[in-house]
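Visitor: Questions regarding the structure given below will be posed in turn.
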Amino acid sequence: MKKLCVYLLLFSLPGWAGASEKAALPTPATGEVTLPLAEYNRLVDLAAKSVKVRELPPVPYTIKRAELKLKAGSASVLGTIALDGEVFSRGASKVPLTSGMTILDAHQQGKALPLEQEGGMSTAILPGAQEFAVQLEAGVPLNIEAGRAWFSLPAPAAGSVRLTLTIPGDRTLVRISPGLITNRKSENGQTVVEATLAPGQTANVYWATREVAPPVVPKEARFLCDVKTLVSIGESDLRVAALADVNIVQGEAQEFTVSVPEGYEITGASGATVESSELQGQTLHLRLSGTQRQQQFLITMERQLTAGKADAPLISFNHAQRETGELLVESAGAAELTAKESGGLKRMDIKEANAQLRSLARYPVQAAFRYHRQPGETPALALEWTRFQDTAVLAAVAERAVVTTLVTVEGRTLTEIKLTVKNQAQPYLKVALPQGASIVTAEVAGEKVKPVEGPDGNRVPLLRPGLRTTEAYEVSFVFMHSGSPFARKGGSELDLPSMDIPISLLQWEVFLPEQYRVKDFGGDAIAMNLLPTLRNVSVSENEGLDQLALFVPGVAGQNANDRTIGGPESKPTVWLLPGQIGGVVVDPQGAVISGAKVTVTSIERGTRKTAVTDSNGWWRVSGMPSGTVKIVAEARGFKSAVYSGTPYDAAHPSPYRIPLYVGDVSTTVEVTSAAPLIDANGPFSNTNGGGFSVNGIRGRSDDKEKDRDAKKQAQQQQAASDNVFNLQKKVAGVLPVRVDVPRAGTSYRFARTLVLEEQTKLTFNYRTK
């Protein structure tokens, strides 16, 4: 074996030096040592190794056990908590002891121990590298209900938690969850329970007791009321729509009572929390299903007119602490109105009136008032009017506007406005777009046209080459608005442009992305479910002669924009507003009959109205009072049809389907029962008008079925309509910039009547789901 001779100093070999110290061997003299190469390499490796660093403990402290000894009193549970543990680190450490309890005192080895509060946790600073024993005096509140007492006990995060609980009563049955009762005994009229608790969890301890909690006397409901009233003077009746905002400031209200003026008939009472309504004498009872602090109700009523004067009614909520309100008066047609106010009623500018109240108006508002009802005074308004014959002066009018708005997550909006226009000679529609908006595309009667940008606004053509018609046709345009991006929560505002032709009815569907939850809608438009009854009737040849469906405007699966009959997918629509009566005239094969003359006569009042069906077989007259009517339909080449004794409700009009049979025009087929009414609940099968209610909706006896239908209808009303999907397709590849059009979301529907050169605004609050 080859050897290597080196000179070594023993103090340069740590391993040898340590071994010498341990064995206490004498140090050899310095000299020459001969080692094998393997031994030399081993000594070099030992000298290169670093000294091991002492590792820190994995946790700075631990609580080994906790002993809780508590006693229940009349209002609280008091006792001691003994905690044994150990601190492993060398320095002082913060040791969390317990939370959710009221600490009365703390000791360690007979000395007071200061505690700190950190996030609801009682913490002690204890010296390191030693064991500790802490004793706490603590308590928790005791809850006593009818026949039961209970309290919540947060168990410390220790290795084991033991509880000894003393409660009053002999052989009282105690329950602990989570936890395990290990021993139970009774002595001296008390029950002592020993249990093991789950460390770090809150245990619920409860037991039966003979003490009965005193009943809570309900507080008297106190509320403030603001009533916004619209009075509409018709040709033969006076209608009232009252939008009431009730703010409950004390207690809970399960029912409101409303005083109804004499001579008026309640035609509707609705609201988000109204469970049922009942009229008893001159008092309307509104029973509620919720306990919201803010309530909103829409109450409508009407009465017949026999002269050119009447007192404007003001409904009153009984027992209101304060009642304020506004009153608007409108008149159908041309009339000169004289109003004399009294009892605290004060005039105001029409522009100062509430936006929601003005959105209910269908005719120009002629007078506006406000009031603050004081004790001992009753606001009153005496009205007198003189009517004048109407004269057609409008060059163009829009019967209906269907608006669809898509809101993107970037805050941009895409809005399509479809107008059903009757145009005499007006070439352009002047559109005042919101700032930052631009028109993307426009169409007249199904063909694209080019918008024009003028110095005072944009213009959309109302006519195009080759269009010659006296019937209503459709004009549509799409505009884009940049807007502002959505945040996690906040508020937003949507605007529709003002247009220089009057719009009888504007329907607005707003489609918002599904990740946003919205509430607190406001602005000029009103939610669709608060409007008076609007009915849209659709008929299709595929559905057969007698299967006509009633649907809510804009619901998915129903296309409210198809205006012709004759194809498999054609669905004509008939709109009926309160006070109108109308329907469709068909032959035995279900084809519509144009040019048919329909005469409607009120049997009680003798009022007579005449209409002629258009090219789609529609007919409609206005100003008919409620009661029994006689309907006569005549057409060349068909037998005349007479329906006597047909019931009609002006507040809830329903459309009628009138079949005519081939024969001599001089021949009359008289039907003694009511005209066929289009039913909303399924296929129409009655030919003699029997088996339906006044408003055309059949009753159902099964309450569960009603609830299912109501939920289904609510889901349908929030589903996107065909207008949304059609707009998504229309703007694909047309927009000047890339816009992420939402594909999934929720639709909200609003309406406004009689819009003339006014912007329609909608505000809402939102937050991310």
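The values are calculated or read from the model by the stated rules, or taken from the named source; none is laboratory data. Since we're looking at a predicted model, the values are computed, not measured. As a convention, Cβ positions derive from the backbone with ideal geometry for all residues, glycine included, and neighbour counts pool all protein chains shown. The protein model used for the area step is the full one, side chains on, heavy atoms only, and it has no ligands, DNA or RNA in it. Shrake-Rupley method; radii C 1.70, N 1.55, O 1.52, S 1.80 Å.
Visitor: Checking the conditions here, which among ALA320, ALA312 is open to solvent by less than 80 Å² (accessible area, probe 1.4 Å) and within 17 Å of GLU384 (Cβ to Cβ)? Talk me through it step by step, then tell me what you get.
Guide: On the way: ALA320 fails: within 17 Å of GLU384 (Cβ to Cβ).
Matching residue, one of ALA320, ALA312: ALA312.
Visitor: Just checking, how many residues over segment 634-648 are open to solvent by less than 30 Å² (accessible area, probe 1.4 Å) and more than 23 Å from ILE593 (Cα to Cα)?
Guide: Qualifying residue count for the region: 1.
Visitor: With among the small types (Gly, Ala, Ser), open to solvent by less than 30 Å² (accessible area, probe 1.4 Å) and either free of Cβ contacts under 8 Å to residues at least 40 places away in the same chain or assigned to a loop (DSSP other than H, G, I, E, B) (or both) as the only criterion, which of ALA398, ALA425, ALA442 stands out?
Guide: On the way: ALA398 fails: either free of Cβ contacts under 8 Å to residues at least 40 places away in the same chain or assigned to a loop (DSSP other than H, G, I, E, B) (or both); ALA425 fails: open to solvent by less than 30 Å² (accessible area, probe 1.4 Å).
Residue meeting the stated conditions: ALA442.
Visitor: Further question: When the residues of segment 576-596 are filtered to those that are without any contact (Cβ under 8 Å) to a residue 60 or more places away in the chain and part of a loop (DSSP other than H, G, I, E, B), which remaining residue is nearest to GLY663 (Cα to Cα)?
Guide: Of the residues in segment 576-596, the ones without any contact (Cβ under 8 Å) to a residue 60 or more places away in the chain are 589-592, 594-595.
Next, from what is left, pick out any that are part of a loop (DSSP other than H, G, I, E, B): 589-591, 594-595.
Working: GLN589: 14, GLY590: 16, ALA591: 16, SER594: 17, GLY595: 16 Å.
That would be GLN589.
Visitor: Return the pairs, sorted by first residue and then second, in which the second residue is open to solvent by 10 Å² or more (accessible area, probe 1.4 Å) and of a type in the set (A, V, I, L, M, F, W, C), the first residue lies in segment 343-372 and is free of Cβ contacts under 8 Å to residues at least 24 places away in the same chain, the beta carbons are less than 6 Å apart, and the residues are 6+ apart or on different chains.
Guide: The qualifying pairs are ILE350/VAL365.
Visitor: Which pairs turn up if I take residues in segment 171-192 that are free of Cβ contacts under 8 Å to residues at least 24 places away in the same chain and over 20 Å from PHE151 (Cα atoms) and look for partners that are part of a strand (DSSP E or B) and open to solvent by 60 Å² or more (accessible area, probe 1.4 Å) with beta carbon separation below 8 Å, at least 6 apart in sequence or on another chain?
Guide: The qualifying pairs are GLY189/PRO168.
Yes/no matrix, rows are residues, columns are (1) touching a strand residue (DSSP E or B) at 6+ places or on another chain (Cβ under 7 Å); (2) open to solvent by less than 40 Å² (accessible area, probe 1.4 Å):
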residue	(1), (2)
VAL329	yes, yes
LYS351	no, no
ALA361	yes, yes
HIS372	yes, no
PRO375	no, no
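Visitor: Filter segment 127-148 down to the residues that are surrounded by 15 or more Cβ atoms within 10 Å (Cβ to Cβ) and at pLDDT 85 or above, then identify the one that is farthest from the chain's Cα centre (by Cα).
Guide: Ranking the candidates gives PHE132 first.
Visitor: Also: Looking at segment 272-291 only, could you name the residues that are farther than 23 Å from LEU238 by Cβ and surrounded by 14 or more Cβ atoms within 10 Å (Cβ to Cβ)?
Guide: Of everything in segment 272-291, those that are farther than 23 Å from LEU238 by Cβ and surrounded by 14 or more Cβ atoms within 10 Å (Cβ to Cβ) turn out to be ALA272, THR273, VAL274, HIS285, LEU288.
Visitor: Can you name the residue in segment 597-636 that is hydroxyl-bearing (Ser, Thr, Tyr) and either assigned to a strand (DSSP E or B) or closer than 17 Å to PRO655 by Cβ (or both) and, of all such residues, is modelled with the lowest pLDDT? Show your work before the answer.
Guide: Of all residues in segment 597-636, those hydroxyl-bearing (Ser, Thr, Tyr) come to 599, 601-602, 607, 610, 613, 615, 622, 626, 628.
Then drop every residue that is not either assigned to a strand (DSSP E or B) or closer than 17 Å to PRO655 by Cβ (or both), which leaves 599, 601-602, 610, 613, 622, 626, 628.
Details: THR599: 92, THR601: 91, SER602: 89, THR610: 89, THR613: 90, SER622: 82, SER626: 85, THR628: 89.
Top of the filtered list is SER622.
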